[in-house]
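What follows is a set of notes on a single structure, which appears directly below.
The values are calculated or read from the model by the stated rules, or taken from the named source; none is laboratory data. Note that this is a predicted model, so its numbers are computed, not measured. Using ideal geometry, Cβ is built from the backbone for each residue, glycine included, and neighbour counts are taken over all protein chains shown.
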Amino acid sequence: MARNLKDDIERISRGKSSANKIGSRAVPHRLRQDERDAFERAKKNGYIEVYLNSRPNLENIYKKYCLATEKPYISIIHRQESSSLVIQYKAQKSVFEYQTRKEAKDKAKEILYKIT
């Protein structure tokens with residue numbers, strides 16, 4: 001999509017208004033420094049890793065980034081005992097459960113490789 005949307009996503013992640021009005025005050029988007037680092041890693045890796053007790057901001061902004069860049073949204077949600085892999089691509093959503101973080105990461109990389 002247009003470069004403007006990527007710029008807008010960057011702006012709302014910093015708590016500023018977007019030119020295209022893509023953010024909502026009811027949905028948290030502003031990222032802290034540790035979340036910003038995780039967001040940059042997610043853009044590089046093609047998937048995001050979050051923990052069950054994480055703030056929703058990081059997932060919200062990464063979903064918008066995936067929509068703007070027309071990439072699949074792949075999220076690994078870590079819990080104490082297991083991990084979930086969430087894949088949302090072209091209006092389809094799938095959720096998979098894994099016993100270890102490594103299994104979830106490996107599957108995310110495999111799926112990303114097949115899609116791209």
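So which residues in segment 76-109 are over 20 Å from residue 43 (Cα atoms) and either of a type in the set (Lys, Arg) or in contact (Cβ under 8 Å) with a residue 60 or more places away in the chain (or both), if there are any at all?
79
Select from segment 39-75 the residues that are in contact with a strand residue (DSSP E or B) (Cβ under 7 Å, 6 or more places away or on another chain) and either over 21 Å from residue 9 (Cα atoms) or in a helix (DSSP H, G or I) (or both) and write down the one among them that is modelled with the lowest pLDDT.
The qualifying residue modelled with the lowest pLDDT is 52.
Tell me, please, whether a residue that is among the charged types (D, E, K, R), surrounded by fewer than 10 Cβ atoms within 10 Å (Cβ to Cβ) and either at pLDDT 90 or above or not in a helix (DSSP H, G or I) (or both) can be found in segment 77-92.
yes
Inspect all residues belonging to segment 79-92 and state whether any of them is within 20 Å of residue 10 (Cβ to Cβ) and of a type in the set (Ser, Thr, Tyr).
no
Looking only at segment 35-72, filter to residues that are among the hydroxyl-bearing types (Ser, Thr, Tyr) and free of Cβ contacts under 8 Å to residues at least 24 places away in the same chain; which one of those is surrounded by the fewest Cβ atoms within 10 Å (Cβ to Cβ)?
Ranking the candidates gives 54 first.
Mind listing just one residue for me: the one in segment 101-116 that is loosely packed, with under 15 Cβ neighbours inside 10 Å and not in a loop (DSSP other than H, G, I, E, B) and, of those, modelled with the lowest pLDDT?
115
Could you tell me whether residue 98 is farther than 28 Å from residue 14 by Cα and surrounded by 15 or more Cβ atoms within 10 Å (Cβ to Cβ)?
Yes: the conditions hold for residue 98.
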